[in-house]
Each structure stands twice: as C-alpha cells, then as structure tokens.
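Just so you know, all these numbers are worked out from the coordinates, no wet-lab data involved. None of the values given here were measured: they were computed from a predicted structure. Note that each Cβ is placed from the backbone with ideal geometry, even for glycine, and that neighbours are counted across all protein chains shown.
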Amino acid sequence: MQKKTIVSVLLFLAITVFPLYSANVSVLVIETGLSGESPRSQYSTLWENNLMDVFFEYGHIVSNSPILRLFQQPDDGFPYEAERDFEFAREGGMEYFLVAIVHHPTPHNVSLRLFRTNSQEMVLEYNYEDKTYRTRQEESNTIKNDIMGIASRLR
C-alpha cells in the first residue's frame, strides 16, 4: 500500500514539475477591397472566429482588436495601419501579434502575418487562397486545419 502511494505521489510531482507553455497572441483582421458603407464581411468574421478558436484550443491566451477596413492592400511586412493595435497588444503583455489580411472581392485571399511584439519581427507569413467548397462547414474545417499549423509552432 505504501509503495502505491509513493509511486502515485512521484508520478503527480513529475507531471506538475514540467512547465506548460502558452503563448499570448493578439489577433487583428484587416478587410481590404470593400467600400466604407458595406457591412462587415462574413468571410472576415469566419476567419476571426476560427483564429480565436484554434489558438484557444491549443492553450494559447488570445485577444483581438476590432476588424479594420482598408481600401487597398497593405504592403508586405508590418502594415502601418495596425500600429495602434500592435502597441495595445505589446503594452498588454502579448508576445505575438497576428495580422490576418482578408482580400475582397471573391475569390478571397488571406495573408496571415505573425509578428513578435518585442521587435516587430515577422516570424511567419502564410498566404491562403480560397477554393470552392460544398458547404460552409467544409470551408471552416479547411481554414481551421491551416490555422492549426501556425498555432502548433508557438509551443
């Protein structure tokens, strides 16, 4: 009986001693190619929701900024239009700042750019090209799978 207790305590200690890592990620979705009067794109909302869900499911701490609308696509690298949101994320203790640029009109292209908040260095860039899907669920699952590849790299 005493052996089982000792083994159980040692196993518990071994599990609790190993640190669990979670990254702090701030997400900003930028819509381009839409007029100022048109409502928020459902496609942008789909991306924002999937980004938040996947990073949260991977155990990361996630926050977001309101969707930003620009008339033209920002240049490569860090979009200066995101500077204010980046500063809020940095001051809030976020380690990473993820910018998702959703290009309109259809077919949609999405550029994901992941930056470190301590240096504004781009860690990763991923370009997603929209395809034709039979259902919205199939499209959402494909997007989630692509995002999982990014979320898993932050561990």
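The single residue among GLY93, GLY149 that is loosely packed, with under 14 Cβ neighbours inside 10 Å and touching a residue at least 40 places away in the same chain (Cβ under 8 Å) turns out to be GLY93.
Strands (runs of 3 or more DSSP E) fully within the range 70-135 that include at least 1 residues being aromatic (Phe, Trp, Tyr), in contact with a Lys or Arg (Cβ under 7 Å, 6 or more places away or on another chain) and within 20 Å of ARG153 (Cα to Cα): 96-103. Checked against (1) under 16 Å from the mean Cα position of the chain (by Cα); (2) polar (S, T, N, Q); (3) over 18 Å from LEU51 (Cβ atoms), SER140 passes all but a single condition, namely (3).
Residues of the range 62-83 that are closer than 15 Å to HIS103 by Cα, surrounded by 14 or more Cβ atoms within 10 Å (Cβ to Cβ) and in contact (Cβ under 8 Å) with a residue 40 or more places away in the chain: LEU68, LEU70, GLN73, PRO74, PRO79. Evaluated against (1) hydroxyl-bearing (Ser, Thr, Tyr); (2) part of a helix (DSSP H, G or I); (3) within 15 Å of MET94 (Cβ to Cβ), THR45 falls short on exactly one condition, (3).
A quick yes/no check of all residues on (1) out of contact with any Pro (no Cβ under 7 Å at 6 or more places or on another chain); (2) farther than 14 Å from ALA23 by Cα:
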| site | (1), (2) |
| --- | --- |
| MET94 | yes, no |
| VAL99 | no, yes |
| VAL102 | yes, yes |
| PRO105 | yes, yes |
| ASN109 | yes, yes |
| SER119 | yes, yes |
| LEU124 | yes, yes |
| THR132 | yes, yes |
| ALA151 | yes, no |
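Among residues of the range 108-124 that are farther than 20 Å from GLU91 by Cα, those with a Cβ under 6 angstrom from a residue that is among the aromatic types (Phe, Trp, Tyr) and in a strand (DSSP E or B), sequence gap 6+ or separate chain, pair up as VAL110/TYR128; LEU112/TYR126. Would you check if ILE150 is under 27 Å from SER38 (Cα atoms), β-branched (Val, Ile, Thr) and within 17 Å of the chain's Cα centre (by Cα)? When the stated conditions are applied, ILE150 does not pass them.
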